[in-house]
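The values are calculated or read from the model by the stated rules, or taken from the named source; none is laboratory data. Small disclaimer: the values here were computed from a predicted structure and weren't measured. Every residue, glycine as well, gets a Cβ built from its backbone with ideal geometry; the counts of neighbours run over all protein chains shown.
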2 protein chains.
Amino acid sequence: MNLAPLPASEIEPVLDAADLIDRMARAGRTAQRTLATMSSVARQAALEHAAAALRRTAPAILEANALDVASGEAAGLSGAMIDRLRLDPARIEAMAAGVAEVAALDDPVGRIIDETHRPNGMVLRRVRVPIGLIGIIYESRPNVTADAAALCVRSGNAVLLRGGSEAVHSNRAILAALAEGLAAGGVPAEVVQLVPTQDRAAVGAMLSASGLIDMIVPRGGKSLVARVQADARVPVLAHLDGINHTYVDRAADPAMARDIAFNAKLRRTGVCGSMETLLIDALFPDPHGLVEPLLEAGCELRGDARACAIDPRIKPADASDWDTEYLDAVLSVAVVDGLDAALAHIARHTSGHTDAIVTGDAAAAERFLSEVDSAIVMHNASSQFADGGEFGLGAEIGIATGRLHARGPVALEGLTTYKWLVLGTGQIRP
Amino acid sequence: MNLAPLPASEIEPVLDAADLIDRMARAGRTAQRTLATMSSVARQAALEHAAAALRRTAPAILEANALDVASGEAAGLSGAMIDRLRLDPARIEAMAAGVAEVAALDDPVGRIIDETHRPNGMVLRRVRVPIGLIGIIYESRPNVTADAAALCVRSGNAVLLRGGSEAVHSNRAILAALAEGLAAGGVPAEVVQLVPTQDRAAVGAMLSASGLIDMIVPRGGKSLVARVQADARVPVLAHLDGINHTYVDRAADPAMARDIAFNAKLRRTGVCGSMETLLIDALFPDPHGLVEPLLEAGCELRGDARACAIDPRIKPADASDWDTEYLDAVLSVAVVDGLDAALAHIARHTSGHTDAIVTGDAAAAERFLSEVDSAIVMHNASSQFADGGEFGLGAEIGIATGRLHARGPVALEGLTTYKWLVLGTGQIRP
């Protein structure tokens, strides 16, 4: 996040950070209880109002964004950061369309997970309920303000949004539009609140607000996620790394393996679902055909000794390569002695995000799917499919590599939990 | 836990606590991967062997237990604590039968949660998998050693068991029996490990072993649970309090309300599902008939001003009563102005465990079930049913009042998570 000091005029008087978060969280929790009693249709309509308000106030949002971009350029932010920060009419339209799309998604709240009839006549039913109050901590992209707010409201949750100081004017303008639309739909104002950016201690206060904030979702670079994971006392939904493996088995169709490997690495190198390590079975018949298109496309390959023997352009890997998420046109390659060795390599080095096998051998595929314990395990598909949209979930709040609550792409259902309803007719326990 | 020093002969040489837990956790995780590849039938058979071994080695377990009881008596443990500690042939038989019952429960591992077919032909499937390594921290009852181990093994998890020092000999003898049985069934020894009790820092090391231990379950008194919840960096499955409300609505059947209130408070006062606060609608026609049987049975009632007017034997409550879990024949009673006031009282004071409404008015019941956000919400039933066995789940690892992962009675399913399987035919992402 931007460490440059803000002009004094931007600094609102704030409470001590812990008091501030306490006050905002309590207000959010109270507002959430009202939101939770609204019908699904009413929450949907409120989000449609919010989408319309974003479209209507686009000029004001662009004006606010220009202030942030100018400050960012003056403060020497990188071109990539400025690009993430900058809005234009098309990006605002995409943001509004995203809010309208989330409004149209099926509502998970109230869905019955299961129902049991007990011998004494009691009926037990587990139903989905909102989690409560979600905290989102994010960096420069202002569209997260709208995306995250929409997902939380659709699933009946209140949200505390803590964006980066570099996007403060943009985020305020977007929130003002959302607030106007949500208010028109009868949603209490405190359902979506923006945490002031000038008090950097507010992030720490959010991370330790256990019992007040139910879940934190960090959205941003690895250092942000690492800090949130290290410091949070509140449950965190996140992934730190996507060190994703594709294992090309001896029984893989060579053309399919080549296409999947190329796509998994190079379709987009900067996404968390991109392949970072290619494991090639020593008995796979065409290893050169597998690496050739990658090398030709300019991808740097770093291999173990046997991989280096496939093509002289492959450079030797060092030990750290097997634990590196390049997010770039770089790939580590190892030749392994069959499925067992591949499974052992993956167990040791995976970050638990997405690992894939390419094989025509059903038994090998079954073992891989069963024994690899990552959030997403694939057979004969590109790891670049690791995405909520591609999974048919609509928008996603993030991808999680933790073991509890929700794993892989997390969308509306992951923003809910459940409660047990017990429907009796006067039963007492003997 | 027992603070009395152990005789020197009992002190094994141990590593630094963090190193010890690190070593044990890594061994447990490795063993869990082997366990996870065993079939459900094999895990079931191993638990049946363990149950048989418990029965066969009952004399050795009783002998070890006698040492603990003698040390406990010498150290001046309370009678209640000695009772929880003491084993007899019937208790060992119950423990063995419990292990055999868990063996017979349906295996959640591998169960398909849902399956989606994507337009590009990919099939997505969410399947249940074990969580990984569970840590159990518990006090005097040695049967927890067998119960918790059985539930973890049945659901494919490894477990680190950290019992109280007062039960060290009993726990070791029980573990030896379990280990013998599990080994006969092909389960690696490190799937169930007992953390040495003499190093009190081991508990702290377990609580901070995030990434190594996937979930901690404290089993014991409130101070143990509070400490675990305060200090853990690992997710905790627990409930601290059961401040459970029963609201008797104006439309309640008086006889049903009387029976439910009596049962909810007095069937057993020391269980977490017992009622601690009775809320009486000011328009309920027979408040005296409701409190009379409780008073007659010797229950102490502490009321607000309107409740005290129902019967002179009701003493005035003070502010702290509404937030107190008595776990005794004591009950706080308030008269409230209908459903809205009851909901407001509950929202403010519930611990999120089990709250109930008694009413014949379907609309009032529906609002109560919808708006009360506790783990268990009941209509016309006694809160004493808050129990995994009564819910038909078989044994339970605990009852959870947190909002994530699992809520209410948690049994085998709560010891699993899921992964996504993606079944392709060569799909690459455009």
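What to note about this one:
- Just one of the listed residues (A:V191, A:V225) is more than 13 Å from chain B (Cβ to nearest Cβ), in contact with a His (Cβ under 9 Å, 6 or more places away or on another chain) and closer than 26 Å to A:A150 by Cβ, namely A:V225.
- Close Cβ contacts (under 6 Å, 6 or more residues apart or on different chains) running from residues in the stretch A:399-412 that are within 7 Å of chain B (Cβ to nearest Cβ) to residues that are hydrophobic (A, V, I, L, M, F, W, C) comprise A:R403/B:I131; A:H405/B:L404; A:R407/A:A375; A:R407/A:A400; A:G408/A:A375; A:G408/A:I376; A:G408/B:W420.
- Residues located in the stretch B:107-154, provided they are assigned to a strand (DSSP E or B), within 17 Å of B:A406 (Cα to Cα) and touching a Ser or Thr at 6+ places or on another chain (Cβ under 7 Å): B:R128, B:V129, B:P130
- Against the test of being modelled with pLDDT of 95 or more, more than 17 Å from the chain's Cα centre (by Cα) and at the interface with chain A (Cβ under 7 Å from one of its Cβ atoms), the options B:V335, B:V422, B:V358 yield a single qualifying residue, B:V422.
- Count of the stretch B:244-286 residues which are at the interface with chain A (Cβ under 10 Å from one of its Cβ atoms) and more than 16 Å from A:I428 (Cα to Cα): 0
- Residue-level analysis places B:S382 outside the set of residues that are of a type in the set (G, A, S), over 16 Å from B:T246 (Cβ atoms) and in contact with a helix residue (DSSP H, G or I) (Cβ under 9 Å, 6 or more places away or on another chain).
- The condition (being acidic (D, E), surrounded by fewer than 17 Cβ atoms within 10 Å (Cβ to Cβ) and touching a residue at least 40 places away in the same chain (Cβ under 8 Å)) is satisfied by just one residue among A:D340, A:D323, A:D355, A:D387: A:D323.
- Helices (runs of 4 or more DSSP H) contained in the stretch A:209-312 and holding at least 1 residues out of contact with any Lys or Arg (no Cβ under 9 Å at 6 or more places or on another chain) and under 22 Å from A:H345 (Cα atoms): A:254-266, A:287-296, A:305-308
- Residue within the stretch B:162-179 that is in contact with a helix residue (DSSP H, G or I) (Cβ under 8 Å, 6 or more places away or on another chain), within 18 Å of B:A238 (Cα to Cα) and touching a residue at least 12 places away in the same chain (Cβ under 8 Å) present: yes
- Count of the stretch A:238-291 residues, restricted to those that are among the charged types (D, E, K, R) and within 25 Å of the chain's Cα centre (by Cα), is 5.
A quick yes/no check of all residues on (1) crowded, with 24+ Cβ neighbours inside 10 Å; (2) among the hydroxyl-bearing types (S, T, Y); (3) in contact with a strand residue (DSSP E or B) (Cβ under 9 Å, 6 or more places away or on another chain):
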site: A:D214; (1), (2), (3): yes, no, yes
site: A:G221; (1), (2), (3): no, no, no
site: A:V234; (1), (2), (3): no, no, yes
site: A:I243; (1), (2), (3): yes, no, yes
site: A:Y247; (1), (2), (3): yes, yes, yes
site: A:A252; (1), (2), (3): yes, no, yes
site: A:A264; (1), (2), (3): yes, no, yes
site: A:S274; (1), (2), (3): yes, yes, yes
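- Taking the criterion of being within 14 Å of another protein chain (Cβ to nearest Cβ) and either outside any helix (DSSP H, G or I) or buried (at least 21 other Cβ atoms within 10 Å of the Cβ) (or both), the residues of the stretch B:37-75 that qualify are B:M38, B:S39.
- The single residue among B:G298, B:G270 that is modelled with pLDDT of 95 or more and under 20 Å from B:S382 (Cα atoms) turns out to be B:G298.
- Here B:H345 passes the criteria (1) in contact (Cβ under 8 Å) with a residue 12 or more places away in the chain; (2) at the interface with chain A (Cβ under 10 Å from one of its Cβ atoms); (3) surrounded by fewer than 20 Cβ atoms within 10 Å (Cβ to Cβ) except the one numbered (2).
The rows are residues; the columns are (1) surrounded by 22 or more Cβ atoms within 10 Å (Cβ to Cβ); (2) farther than 21 Å from A:A50 by Cα.
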{"site": "A:A90", "(1), (2)": "no, no"}
{"site": "A:E93", "(1), (2)": "no, no"}
{"site": "A:E101", "(1), (2)": "no, no"}
{"site": "A:L105", "(1), (2)": "no, no"}
{"site": "A:H117", "(1), (2)": "no, yes"}
{"site": "A:V123", "(1), (2)": "no, yes"}
{"site": "A:L133", "(1), (2)": "yes, no"}
{"site": "A:E139", "(1), (2)": "no, yes"}
{"site": "A:P142", "(1), (2)": "yes, no"}
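- From the options B:A205, B:A176, B:A149, residue that is among the aliphatic types (A, V, I, L, M), surrounded by fewer than 20 Cβ atoms within 10 Å (Cβ to Cβ) and away from chain A (no Cβ under 13 Å): B:A176
- Test for A:A307: is it within 12 Å of chain B (Cβ to nearest Cβ), crowded, with 22+ Cβ neighbours inside 10 Å, at pLDDT 95 or above and under 15 Å from A:V335 (Cβ atoms): no
- Residue check, B:G352 at positive phi, within 11 Å of chain A (Cβ to nearest Cβ) and out of contact with any Ser or Thr (no Cβ under 8 Å at 6 or more places or on another chain): no
- Test set (1) over 19 Å from A:R258 (Cβ atoms); (2) facing another protein chain (nearest Cβ under 8 Å); (3) in contact (Cβ under 8 Å) with a residue 24 or more places away in the chain - A:N380 fails condition number: (1)
- For A:G394, the test of being on the phi > 0 side of the Ramachandran plot, out of contact with any Lys or Arg (no Cβ under 7 Å at 6 or more places or on another chain) and at pLDDT below 95 is passed.
- Within the set A:E180, A:E166, A:E190, the sole residue that is among the acidic types (D, E), under 22 Å from A:A64 (Cα atoms), over 22 Å from the mean Cα position of the chain (by Cα) and assigned to a helix (DSSP H, G or I) turns out to be A:E180.
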